Structure formats: C-alpha cells, structure tokens
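The values are calculated or read from the model by the stated rules, or taken from the named source; none is laboratory data. Given the structure is predicted, the values throughout are model-derived calculations rather than measurements. Here the Cβ positions follow ideal geometry from the backbone for every residue, glycine too, while neighbour counts run over all protein chains shown.
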Amino acid sequence: MKTIASFTVNHDKLEKGMYLSRIDGDVVTYDIRMKKPNGGDYLTNGALHTFEHLFATYARNSRFSEQVIYVGPMGCRTGFYLLLRDTVSRQDAISLVQESFAFLREFTGEIPGSRRSECGNYQEHDLPGAKAVAEDMLQVLKNWTPERLQYLE
C-alpha cells in the first residue's frame, strides 16, 4: 500500500500551528496542530470532544458554512483537521479558525449536541479544558499568515 500523505510529514519537526495538509480536487485539508507531536502532552479526551462540538458548530454556522466539509480530531490527539472547499482563500481559512477558537474561548452554556440523544459519548466533555486549548492556540495563531501554512522541510 502507498503511504498516505499525512504520514510523510516529519512529525519530529512539526510545531503547533496551522498547515495546508493536502488538496484533493476542490477540497483543501488543513492540519491544525494544537500539541507538539510525540511531546508527551496531548489533548485530553474530554477537551478534544468538547472542542470538536464547538469548533464544528461554529464553522458550520459561519459565513463559510456552505464550504465546510469536515471538522474533526486527529486520532493521535495532537490536533484537528478542517476540510474546506477551495473557494475559501487561505487567509479566510486562517480567519475562520481564529474566529472559531475565539468563540470557543468565550463560550458559556450548554455544549451544542451534548445531550444523550444527540451524542454517543455525551458524558465525556470538558469545557474548561477546551477553552484552555483555544486560548493557547489563539496565541499561536495570532499572527499566522498564508505563507506560514507550509510544513517545514
């Protein structure tokens, strides 16, 4: 079997940030790296789960809602993938992530989709943990530019 593209990225050199992972036709996959790979510090399940609910909810209700294909966590618990149509500029993709994380940092109330009838693991949420990750990533992405979307060699 061929090695998938994400496994060809040198994870020893990968830092927190946002990267253009791949382009498949009109779909652009962004790698939003929230933890240093193999660094011993990973997203906890509860924070990751809550982050997923809030990030996806915001992105799918944003001005780019029709261009959002997928928002979801990486199995290694070091970040998220965001898949958008290529009609969203690189700068707008960065802005969408920054806006989503700002929304998450300020969120209060009931987590969308967190009722038993709506979620397959409704009891495992951690809003304070998700908010802490959002705050950290807002600092990481504060001055992010489209030029910085490239993985380091």
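What to note about this one:
- Test: residue in the range 36-44 that is touching a strand residue (DSSP E or B) at 6+ places or on another chain (Cβ under 6 Å), of a type outside the set (A, V, I, L, M) and at pLDDT 90 or above: no
- Of everything in the range 34-44 that is touching a helix residue (DSSP H, G or I) at 6+ places or on another chain (Cβ under 9 Å) and in contact (Cβ under 8 Å) with a residue 40 or more places away in the chain, the residue that is farthest from residue 152 (Cα to Cα) is 44.
- Positions within the range 1-37 being under 30 Å from residue 123 (Cα atoms), out of contact with any Asp or Glu (no Cβ under 7 Å at 6 or more places or on another chain) and either of a type in the set (Gly, Ala, Ser) or not in a strand (DSSP E or B) (or both), in sequence order: 16, 17, 34, 37
- Scanning the range 67-78 for residues that are of a type in the set (Phe, Trp, Tyr) and either more than 23 Å from residue 127 (Cα to Cα) or in contact (Cβ under 8 Å) with a residue 40 or more places away in the chain (or both) turns up nothing.
- Odd one out for residue 72 among (1) loosely packed, with under 14 Cβ neighbours inside 10 Å; (2) under 10 Å from the mean Cα position of the chain (by Cα); (3) closer than 17 Å to residue 148 by Cα; (4) not β-branched (Val, Ile, Thr): (3)
- Tabulated pairs, the range 8-24, first over 20 Å from residue 145 (Cβ atoms), second among the polar types (S, T, N, Q) and surrounded by fewer than 18 Cβ atoms within 10 Å (Cβ to Cβ), C-beta under 8 angstrom, 6+ apart or interchain: 11/38; 12/38
- When 56, 47, 93 are screened for being of a type in the set (A, V, I, L, M) and under 14 Å from residue 137 (Cα atoms), only 47 passes.
- Among the criteria (1) part of a loop (DSSP other than H, G, I, E, B); (2) surrounded by fewer than 17 Cβ atoms within 10 Å (Cβ to Cβ), the one residue 91 does not fulfil is (1).
- Selection status of residue 47, in contact (Cβ under 8 Å) with a residue 12 or more places away in the chain, in contact with a strand residue (DSSP E or B) (Cβ under 8 Å, 6 or more places away or on another chain), over 14 Å from residue 33 (Cβ atoms) and of a type in the set (A, V, I, L, M): no
- Count of the range 95-127 residues which are without any contact (Cβ under 8 Å) to a residue 12 or more places away in the chain and closer than 20 Å to residue 33 by Cα: 1
- Checking residue 78 against (1) within 20 Å of residue 144 (Cα to Cα); (2) of a type in the set (Val, Ile, Thr); (3) in contact with a His (Cβ under 6 Å, 6 or more places away or on another chain), the condition it does not meet: (3)
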